[in-house]
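Chemist: Attaching a single structure in structure tokens format; questions to follow.
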Amino acid sequence: MSDSSNSETSRRDEEFLRRCFEVARRSMAHGNHPFGAVLVDECGKVLIEMENGYMPAHDSTAHAERLLATQACRTLDAETLRNATLYSSAEPCAMCAGAIYWAGIGRVVFGQTEKSLKTATGNHPENPTLELPCRVVFAAGQRPVEVIGPLLEEEAAALQDDFWRSRGEGSRQPASLPT
Ligand SMILES: [Zn+2]
């Protein structure tokens, strides 16, 4: 790939990641956790936008990327999925990475790492972050998933910091301690 197409790719990645941050803000405005995911095809067309779905049923498995992966493999063909990029405001957790893998989505771009997210959420009962790099999950699979990230991590982290802080004292745990 030439330098110019590399810079075109990273410009596009930043653009769609910022769109994903907008979806995360919308999720928060709808009373959910500040996470969003966007699926984009190889031509740059947005296929699916998905907000976190924790409320109203307190569904802790309703992460944006997991919901998106489920909708994607119900509605899109295998080639489209393989050539698509999933943008996620925060790194897909182990559950979501598994769902992305099983959906056959070929590429992931994320903003904030799970490790950084954990410093914002601690072991908050609504989001006791599961710190496992998505690359580790994908590496255990049998088809490749390209991963780009962290990208725009400060902007991504800003989405989380205020939200979890506003969720009450004591939610911030010493996540930086060795585990
Ligand atoms: Zn997840």
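Values in this text are rule-based calculations from the coordinates and carry no lab data. All figures in this text were calculated on a predicted structure; none of them were measured in a lab. Note that each Cβ is placed from the backbone with ideal geometry, even for glycine, and that neighbours are counted across all protein chains shown.
Chemist: In terms of modelled amide H atoms, which long-range or inter-chain residues lie less than 5 Å from the amide H of N83?
Modeler: Placed amide hydrogens put G106 under 5 Å from N83.
Chemist: Taking amide H atoms as placed 1.01 Å from N in the peptide plane, list the residues 5 or more away in sequence, or in a different chain, whose amide H sits under 5 Å from that of I48.
Modeler: L39
Chemist: Please express the shape of segment 41-132 as an equivalent ellipsoid: the semi-axes are the square roots of 5 times the eigenvalues of the C-alpha gyration tensor, given largest first in whole angstrom.
Modeler: In descending order the semi-axes read 24, 14, 11 Å.
Chemist: What order do you get for E8, E91 when you list them from fewest to most C-beta neighbours inside 10 Å?
Modeler: Ascending number of Cβ neighbours within 10 Å: E8, E91.
Chemist: Here's something else I'd like to know. Quick check on packing: order 33-46, 133-146, 55-68 by the mean number of other C-beta atoms within 10 Å, highest mean leading.
Modeler: 33-46, 55-68, 133-146
Chemist: Subtracting the Cα-Cα distance from 0.36 nm times the residue separation, let me have the gained length for T70 to T9 in nm, one decimal.
Modeler: 19.4 nm
Chemist: If you add up the charges near A94, with Lys and Arg at +1 and Asp and Glu at -1, over every other residue whose beta carbon is less than 15 angstrom from its beta carbon, what do you get?
Modeler: Taking every Cβ under 15 Å from that of A94, the sum is 0.
Chemist: Apply the Karplus parameterisation 6.51 cos²θ - 1.76 cosθ + 1.60, with θ equal to phi minus 60°, to every residue of segment 82-91 and state each ³J(HN,Hα) to the nearest whole Hz, in sequence, with x for glycine and proline.
Modeler: So the Karplus estimates, Gly and Pro as x, are 5, 8, 8, 10, 9, 9, 9, 5, 10, 4 Hz.
Chemist: Same structure, new question: Out of the DSSP beta bridges found with both residues in the chain, what percent are antiparallel (nearest 5)?
Modeler: The answer is about 55 percent antiparallel.
Chemist: Under 5 Å between amide hydrogens, which residues at least 5 positions from V109 or on another chain qualify, with H placed 1.01 Å from N in the peptide plane?
Modeler: L86, Y87, S88, I148
Chemist: Moving on to the next point. At 0.36 nm per residue, and after removing the present C-alpha to C-alpha distance, how many nm does the segment from K115 to D59 gain when stretched out fully?
Modeler: Here the answer is 17.9 nm.
Chemist: Just the ratio, please: alpha-carbon radius of gyration of segment 115-155 over 2.2 N^0.38 Å, N its number of residues.
Modeler: 1.41
Chemist: Which ordering of E131, E51, E154 is given by a fewest-first count of other beta-carbon atoms within 10 Å?
Modeler: E154, E131, E51
Chemist: Output needed: percent of Cα pairs per 5 Å distance bin for segment 1-63, bins running from 0 to the one holding the longest distance.
Modeler: Here the calculated profile for segment 1-63 is 4, 18, 22, 18, 14, 10, 7, 4, 2, 1.
Chemist: Could you derive backbone 3J(HN,Hα) for segment 31-43 from the dihedral phi with the Karplus parameters 6.51, -1.76 and 1.60 (θ = phi - 60°), listing whole Hz in sequence and x where the residue is Gly or Pro?
Modeler: x, 10, 6, x, 10, x, 9, 9, 10, 10, 7, 5, 8
Chemist: How much of the pair distance distribution for the chain lies past 25 Å, counting alpha-carbon pairs only, in percent?
Modeler: That tail contains 28 percent of the Cα-Cα pairs.
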